[in-house]
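Below: one structure, written as structure tokens.
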Amino acid sequence: MGVIKLEPRCPQRIDGMAIDPEPNWKFDALLSELNSLETKLSSPTNVPVPFAKWRPRYFSNGKSSAKSCKPFIMRVFEDEIDDTDSEGEEDRSLVAATRFNCDAIYLSNDSDDESTFKDQSYLMDEMRIVEGALCELTHEHHLEDKEEIRNKISTLETDLRSGSEKSTSALTQVEKYREARNEMDRKLDTQYQRKIAEALDNHLTTVQRNHELRSQIEERKIRSDAAYEEAKRREKALQEEKIRQEKSKAESEARLRAEEAKRAALEAERRAVKETAERQAIETSTRVAARAAQVEDAGRQMNANSAKKSQSASNVLWAAESALNLEQARIQKLKEVDEGNQALRLTYNKDLSSYEKLIGRLIRQISGSTEVVREKSREIIKIFNDPHCPQSVMVAAFAKLVVSRCTSPNTDAFACGHVIVLVTSQVPHAMDLLLAEFHRACIYTVPKHITYSELAFECEEAYYQALGYRVIDRKLESTKDYLTRLASYMELYGALIQTEVQGVQNTHGLKEGWAWIARFLNTLPANRYTAVALSAFLKMAGFALFRKYKSQFMKVLSNISNNFLQELKACEDPGLNATILEIQSYLEDKRFLKEPVGRALQSSLLSTVTIPDGPDPDYHQSSGRYY
């Protein structure tokens, strides 16, 4: 709305009343001024009658409809119109006005009381100007109220929007909280169920552990009772054995006395013969002298032959002196046990063949399962401790049957090694008898080798029999069959050496295996027989030897590669090619780093097959299969 300026050309006040109102008045001040003006006009003054007003006119706040019909005339300059062009068309009001002046009225500056008006119309025109200003102010007030209302409405709308947004965000947060609470409840339920499952599992584990402890305690009690009973049986057996030995001693003394009587009779006869011979000696002195010369010549010739044979024997036998001494001691012990067993068999009333058959059946049932190995070992030890049969006979039978078992097809050498270690840990002297049986069956378990010599052997057949060849139907077995048996013996020997059972000491373990391979490489020559023996031994015991001796064993393998293999290749024997390739691949592929198949026993028996009673050697069980 444009700014209106009035340009008065008349006095400022008439009779104490302001003709031109102040432009900066407020609306309430303006109303009060107008009311005071009406009051003064209606009161008796010195103003002439035309200016007297009999009915006062009070101005309201702009809501009254009684207004002057005559427009309010004012002067508006053009330069002020240009300043208000930017405002809205609603607020703009331009009125053509005539110049407002007070030339016709004479106003004296000397005194306010001396004022006269010549024309009443001029005062009426002034009243209409005030009413126009009042309307204009009322209109401006209305516009300000509208603007204020609009501002309040926009403020309320803004508050409403912000309130709705806050409520929406609050609802969203509540929904998220509910989802998080549900997720937390689900997690807590899962965790609670997991704790319940763990507690149940722990409880079951504790119950099972207690049950195992009870079973172990009961088993220990049973074992202790069995051990006590076995100790009693052993005492009884020892007493019976002493009685038998005393009887045998008495019988032997009687025999010795009879033999002494026989010897005395023979000596008497010899004396008689000697006397007759002395009588005849004088007659035949010449014949005796001639025969003596012939006998001396024959003796010299025999001494020369024996010297040659002893010299050739030193070149025939290849072995370390310590190994030969051990072999001789073990075989001597086995011979003594065999002789004692023969005497026991003659004096023993009970047939012992049933026990030997039972031991053979148990050995045939050995398989690569921990349960089977322990069960068969316990049963064999139980037979050894049986007071109704002599232990030495059963131990000798066990040693012979175990060694002969390795030549059967599909024999589990590692399982047999475990059984041997478990049995010999309870009966230590059984190991010497078993090794003696090994030395009898295969000379390379000593180790030793024999080369052919015409002076040492009467024929080639005797030489092959000394190596260990079998005679079947009055014929020697083939070299292929002999090498197959040799490999079987060496595999079982290697499996025995590397066997380690927790809590049990192997009296012929890796230490003896290290001594064996050192003696083998230091004394034995490289040929077909020694190559097969070495290959079978490394196949079974190489992994365990490397794990214990590390770099020392690597030096042994280097010696085999650089020396033993080169000597084998120098033999130019076509039958050695397969064995050379096998040893060479073992070294190049580093098979000694991999555990042999079957070395680790199974935790449980996968399948069980019953073995009928009987000594049938072709019916075997190994790892739950028939052969």
Check your understanding: Looking at (1) of a type in the set (Ser, Thr, Tyr); (2) out of contact with any His (no Cβ under 7 Å at 6 or more places or on another chain); (3) within 18 Å of ILE359 (Cβ to Cβ), which is the only condition TYR452 fails?
Key -> (3)
Point to revise | Enumeration of residues in region 495-512 that are of a type outside the set (Gly, Ala, Ser), in contact (Cβ under 8 Å) with a residue 24 or more places away in the chain and outside any strand (DSSP E or B) | key: LEU496, ILE497, GLN498, THR499, GLU500, GLN505, ASN506, THR507, HIS508, LEU510
Check your understanding: Hey, GLU582 hits all of (1) in contact with a Ser or Thr (Cβ under 7 Å, 6 or more places away or on another chain); (2) among the charged types (D, E, K, R); (3) more than 30 Å from VAL373 (Cβ to Cβ) but one; which does it fall short on?
Key -> (3)
Check your understanding: ARG599: open to solvent by 50 Å² or more (accessible area, probe 1.4 Å), within 28 Å of PRO428 (Cα to Cα) and of a type in the set (D, E, K, R), yes or no?
Key -> no
Review point. For the subset of region 369-384 comprising residues that are touching a residue at least 24 places away in the same chain (Cβ under 8 Å) and open to solvent by 10 Å² or more (accessible area, probe 1.4 Å), which member is farthest from ARG599 (Cα to Cα)?
Key: ILE383
Practice item. Name, by its number, the condition in (1) touching a His at 6+ places or on another chain (Cβ under 7 Å); (2) surrounded by fewer than 16 Cβ atoms within 10 Å (Cβ to Cβ) that does not hold for ASP481. Key: (1)
Exercise for review: Within region 526-538, identify whether any single residue is among the hydroxyl-bearing types (Ser, Thr, Tyr), within 23 Å of ASN325 (Cα to Cα), in a helix (DSSP H, G or I) and open to solvent by 20 Å² or more (accessible area, probe 1.4 Å), and answer yes or no.
Suggested key: yes
Review point. If you check ALA231, ALA180, which single one turns out to be closer than 30 Å to PRO390 by Cβ, without any contact (Cβ under 8 Å) to a residue 12 or more places away in the chain and surrounded by 10 or more Cβ atoms within 10 Å (Cβ to Cβ)?
Key: ALA231
Check your understanding: Can you find a residue in region 394-410 that is out of contact with any Ser or Thr (no Cβ under 6 Å at 6 or more places or on another chain) and over 27 Å from TRP516 (Cα atoms)?
Key -> yes
Point to revise | Condition broken by LEU492, with the remaining ones in (1) more than 24 Å from LEU317 (Cβ to Cβ); (2) assigned to a helix (DSSP H, G or I); (3) in contact (Cβ under 8 Å) with a residue 24 or more places away in the chain; (4) open to solvent by 30 Å² or more (accessible area, probe 1.4 Å) satisfied | key: (4)
Check your understanding: In region 242-262, which residue that is more than 30 Å from PRO387 (Cβ to Cβ) and either at pLDDT 70 or above or acidic (Asp, Glu) (or both) is most open to solvent (accessible area, probe 1.4 Å)?
Key -> ARG257
Revision key, fill the gap. Only unsatisfied item for GLN502, checking (1) in contact with a strand residue (DSSP E or B) (Cβ under 7 Å, 6 or more places away or on another chain); (2) farther than 21 Å from SER408 by Cβ; (3) of a type outside the set (Lys, Arg), is (1)
**Study point:** Residue that is least open to solvent (accessible area, probe 1.4 Å) [pool: residues in region 330-354 that are part of a helix (DSSP H, G or I) and without any contact (Cβ under 8 Å) to a residue 24 or more places away in the chain]
**Key:** SER353
Check your understanding: So which residues in region 551-574 are open to solvent by 50 Å² or more (accessible area, probe 1.4 Å) and outside any helix (DSSP H, G or I), if there are any at all?
Key -> GLU572
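Results for (1) at pLDDT below 90; (2) closer than 24 Å to ALA250 by Cβ, shown as yes or no for each residue.
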| site | (1), (2) |
| --- | --- |
| ILE331 | no, no |
| VAL337 | no, yes |
| THR347 | yes, yes |
| GLU371 | no, no |
Check your understanding: What number of residues within region 460-475 are open to solvent by 60 Å² or more (accessible area, probe 1.4 Å) and either in contact (Cβ under 8 Å) with a residue 60 or more places away in the chain or not β-branched (Val, Ile, Thr) (or both)?
Key -> 8
Practice item. Tell me, yes or no, whether region 420-433 has at least one residue that is open to solvent by 30 Å² or more (accessible area, probe 1.4 Å) and closer than 18 Å to ALA533 by Cβ. Key: no
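The values are calculated or read from the model by the stated rules, or taken from the named source; none is laboratory data. These numbers were taken from a predicted model, which means no experiment stands behind them. Here Cβ is always computed from backbone atoms with ideal geometry, including for glycine, and neighbour counts include all displayed protein chains. What goes into the accessible areas is simple: the full protein's heavy atoms, side chains included, and nothing from ligands, DNA or RNA. Shrake-Rupley method; radii C 1.70, N 1.55, O 1.52, S 1.80 Å.
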